[in-house]
């Protein structure tokens, strides 16, 4: 992989990281505890709010996992190991990395 491709992947990863961090910041209210005051909120409304809270927490967990994968990819770029399959040591196809720049395995090893 040449330097210009690495720069493109690094820029792509940094943009994705910024988008995820912005989304995480904007969705913090959705994960706050649900108010259990029966006088102000009915039972079904509370259940709906609790379900929405759980869905928001799961989305946040997935964003955190993706951020960890992005950080790993950025470390691999800095160390010169980006685009190399962890398993077999072959180069990962650039088209595959374009689809998901955080991948660590080539097509053959991913199967």
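The values are calculated or read from the model by the stated rules, or taken from the named source; none is laboratory data. For clarity, every value in this text was computed on a predicted model and none was experimentally measured. Backbone-built Cβ (ideal geometry, glycine too); neighbour counts: all protein chains shown.
Structural remarks
- The single condition among (1) under 17 Å from residue 16 (Cα atoms); (2) part of a loop (DSSP other than H, G, I, E, B); (3) out of contact with any helix residue (DSSP H, G or I) (no Cβ under 8 Å at 6 or more places or on another chain) that residue 102 does not meet is (3).
- Residues located in the stretch 67-80, provided they are loosely packed, with under 15 Cβ neighbours inside 10 Å and either touching a helix residue (DSSP H, G or I) at 6+ places or on another chain (Cβ under 6 Å) or not in a helix (DSSP H, G or I) (or both): 80
- Filter result (assigned to a helix (DSSP H, G or I), modelled with pLDDT under 80 and touching a helix residue (DSSP H, G or I) at 6+ places or on another chain (Cβ under 7 Å)) within the stretch 15-43: 30, 31
- Tabulated pairs, the stretch 44-56, first part of a helix (DSSP H, G or I), second exposed (fewer than 12 other Cβ atoms within 10 Å of the Cβ), C-beta under 7 angstrom, 6+ apart or interchain: 46/36
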